[in-house]
Amino acid sequence: MNIKEGEIFGLLGPNGAGKTTTMNMLCTILNPTSGYAKIGGYDVFKEREEVRRSIGIVFQDPCIDNFLTGRENLAFHATMYHMKKREREYRISEVLDLLDLKGKENIKIDDCPAGVQRRFEVARGFMNHPKVLFLDEPTIGLDIVARRKLWEYIRRLNDSEGMTIILTTHYIEEADYLCDRVAVIDNGRIKVIDTPDNLKNSIGKDVISLEIENGRRKEFLNVLTGLDWIEKVEAYNNSFELSVSGGDERVPELVNLADENGFTISSIDSHKPTLEDTFIHYVGKTIRESEGSMKEERKARRARRRGRR
Amino acid sequence: MGKIIDPLPMYTMWLRQMIRFFRMKARLVSSLVMPFLFLAFLGIPLSILPSGAMPGIPEDMNFLDYLAPGILGMTLLFSSMMAGASVLWDKEFGFLKEVLVTPVNRLSIMLGRSLGGMTTSIIQGFMIIGISVLMGVNISSVSGLLLSIVFMVLICATFIGFGLILATQLGEMEGFMSIINMIQMPIFFASPAFLPMEMMPHWLKSIICLNPFTYGIDGLRGSLVGYSTFPLIHDFVILLVTSIVLMLVGAYCFEKMEAN
């Protein structure tokens, strides 16, 4: 897979798909068991120093010193990259501006709300003018408002500094909103790479999702397969995803059909394909179903709490 | 890159330790409580013993004078072990990853941290010396006080290295915290920090002689209150060799440590 300069690229996949592992390998933290990768022409495994100098990272778990202020954290990071004092001060005020963190830089990280802490981590990530910025689940554990805000900032970074941004996420909306291109991965393999729009169009038709009440899914499937306007059926327990031609007017048709055959539809909904539908199409289960996500969120929250001690 | 020691990041690591140290005042105060209790409730009362009552303590020295360098050593031992192991805290809170993805080599990172830990330990050490003097301990001379800094540095280097080795081998904070007392306390008690070697049974004496901490205590005592069991140069050489070995092993372990 190739990631272009200046784009926002998303790695989308269920938990355990290998998003963070991919990220860690690209960031020189983990050694790959096979294969290779290059960032800005540098080999990730043979030219670590050069790679490290040209990237910035925001990790999935909070990785910021709680006892220091935001400014101190930024300054710490900058000196690790050998930034001289004047350059450092200039850059700090630049990134504070960009992420609207002015006025918060002298508060201990511990005393900042989670959204602001995260923003400081993002700010730190691009202190050193990286060519590529990695964001591993940047909005995990944030409330909706903080998440939206962070999205705006990520966009702004990409616009104003022109840096390539690679992010992993299991929030579909996030990938849809932010990414120029998305790779859907599962079990360590790339299922598909394309723009969110193309991905949505690739499964083509309108989508009807419905749920039946009693558990005779096999029989219901048989009823559905007889219809020529249904292109594709995917069933999970009692819920079905149909790709159809026609859209809304098919809803009453389906309800009647179910009635005639003695099935009860408990819910039905027709919509244009979303990135989530695409995801289900390629990965075969809804992202929310993978129980890992709650666990991970809890873990992140726990880590934040612990960091507060 | 090729540069093995990278001064600016090292300074930054050091500075970070200092800021944290002075920001956590409660921790600083609580680290002084135990030494204070030892001096006040053991040192002062036992000083009423008639001179010569304890074998191994010279006739013209009271017990408080004898004990103070030992308690100073204890403070250094505990704080350096913790400083060495603080890498586990950073790992726990993820900060270690942030440091390890920067283009700074690990040796510089480790040295910067260690220098920070050393500085904070020695600051605590001077506070203990201050408390001791207030309680009436006689420091023999200014040059002795300066010489004691050398021994403080060596004690810190030795046990920061040791703490770092333990931390990297155990790999997690829970494990470290559960065994730290089991390791620290024997090191402390199997030394002449509390009581002179002359009072110990023979078998214990040989253990005490194998403990590098013994030579640190002896060196501190020699330089601060002018009495030591061994010649100071003897203490110095043994401690120097031990600290270099432990720091090297510690650096190697840190080099191999996983960030996750």
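The values are calculated or read from the model by the stated rules, or taken from the named source; none is laboratory data. Quick caveat: nothing in here was measured; it's all calculated off a predicted structure. Heads up, the Cβs are rebuilt from the backbone with ideal geometry, glycines too, and the neighbour counts pull from every protein chain shown. The protein model used for the area step is the full one, side chains on, heavy atoms only, and it has no ligands, DNA or RNA in it. Shrake-Rupley method; radii C 1.70, N 1.55, O 1.52, S 1.80 Å.
Odds and ends about this structure:
- Farthest toward positive dipole pole in the stretch B:62-256 [+1 Lys/Arg, -1 Asp/Glu at C-beta], among B:P186, B:I238, B:V133: B:I238
- Comparing the full protein assembly with the isolated chain (1.4 Å probe, heavy atoms, ligands and nucleic acids excluded), the residues of the stretch B:14-54 losing at least 10 square angstrom of accessible area are B:R16, B:I19, B:R20, B:R23, B:M24.
- Residue-level accessible surface for B:C209, protein heavy atoms, 1.4 Å, Å²: 50
- Phi angles of the stretch B:147-156 translate, via the Karplus equation with coefficients 6.51, -1.76, 1.60 and θ = phi - 60°, into HN-Hα couplings of 5, 4, 4, 4, 5, 4, 4, 5, 4, 4 Hz per residue; Gly and Pro are given as x.
- About the centre of its Cα atoms, chain A shows a dipole size close to 1980 debye [charges on the beta carbon of Lys, Arg (+1) and Asp, Glu (-1) only; nearest 20 debye].
- Our estimate of slack between A:T33 and A:E234, defined as 0.36 nm per intervening residue step minus the Cα-Cα distance, is 68.8 nm.
- Residue-span extension gain [B:L37 to B:M182] - 0.36 nm each, minus C-alpha spacing: 50.1 nm
- Amide H contacts under 5 Å for A:Q60: A:D136, restricted to partners 5 or more places along the chain or on a different chain, H placed in the peptide plane at 1.01 Å from N.
- In degrees, nearest ten, helix B:7-23 long axis to first principal axis of chain B (Cα): 60
- Degrees between helix A:85-98 axis and first principal axis of chain A (Cα, 0 to 90, nearest 10): 30
- Whole-number accessible area per residue in Å² for the protein assembly as shown, which is evaluated in the context of all protein chains at 1.4 Å: 44
- Buried accessible surface for the A/B chain pair comes to about 2700 Å², total over both chains, computed with a 1.4 Å probe.
- Average projection area in nm² (convex hull over Cα atoms of chain A, one quarter of hull surface): 18.1
- Helix A:250-260 and the longest principal axis of the C-alpha atoms of chain A enclose an angle of approximately 50°.
- In terms of overall dimensions, the protein assembly as shown has a Cα radius of gyration and Dmax of 31.5, 110 angstrom.
- Table column - 3J(HN,Hα) (Hz), the stretch B:30-38, Karplus curve with 6.51, -1.76, 1.60, x for Gly and Pro: 5, 6, 8, 5, 4, x, 4, 4, 4
- The listed residues B:I123, B:I244, B:I187, once ranked by accessible area (1.4 Å probe) with the largest placed first, stand as B:I244, B:I123, B:I187.
- Classified by the C-alpha gyration tensor, the stretch B:106-151 has an oblate form. Its axis ratio a/c, with a ≥ b ≥ c, is 1.5 or above, and a/b does not exceed b/c.
- Residue-by-residue Karplus 3J(HN,Hα) for the stretch A:231-243, coefficients 6.51, -1.76, 1.60, Hz, glycine and proline x: 7, 7, 10, 10, 10, 10, 6, 9, 9, 10, 10, 10, 9
- The solvent-accessible area of A:I230, taken with every protein chain present and a 1.4 Å probe, is close to 20 Å².
- Under 5 Å between amide hydrogens, built in the peptide plane, is the criterion, and for A:D186 it picks out A:K191 among residues at least 5 positions away or on other chains.
- Set A:K84/B:K97; A:K85/B:K91; A:K4/B:K256; A:K38/B:K256; A:K46/A:K85 screened for pairs whose C-alpha atoms are more than 26 Å apart: A:K85/B:K91; A:K4/B:K256; A:K46/A:K85
- Under the simplified labelling scheme, the B:Y11-B:L248 pair shows an inter-label distance of 3.0 nm, with each label point 7 Å from Cα along Cα→Cβ.
- Computed log₁₀ I(q)/I(0) - Debye formula, equal Cα scatterers, no solvent, the stretch A:205-272, q 0.20, 0.28 Å⁻¹: -0.72, -1.56
- Candidate residues A:F59, B:F41, B:F22: accessible-area rank, largest first, probe 1.4 Å: B:F41, B:F22, A:F59
- 1.4 Å probe, heavy atoms, protein only - residues of the stretch B:241-260 losing at least 30 Å² accessible area vs chain alone: B:N260
- Taking A:D180, B:D65 and ordering them by how much accessible surface each has at a 1.4 Å probe, largest first, produces A:D180, B:D65.
- Interchain or long-range residues, amide H under 5 Å from A:T195's placed H: A:V182
- Taken over the Cα atoms of the stretch A:93-232, the convex hull encloses 174 Å³ per residue.
- Ligands, DNA and RNA left out, the 1.4 Å accessible surface of the stretch B:87-164 is 75% carbon and sulfur atoms.
- Computed [θ] at 222 nm, deg cm²/dmol, the protein assembly as shown (DSSP H ≥ 4; -39,500 (n - 2.57); rounded to nearest 500): -18500 deg cm²/dmol
- Where the alpha-carbon atoms of the stretch B:62-256 are placed on the principal axes, they occupy 53, 37, 28 Å, in descending order.
- With every protein chain in place, the stretch B:205-260: carbon and sulfur % of accessible area (1.4 Å): 73
- For the stretch A:1-147, the convex hull drawn through the C-alpha positions has a volume of 128 cubic angstrom per residue.
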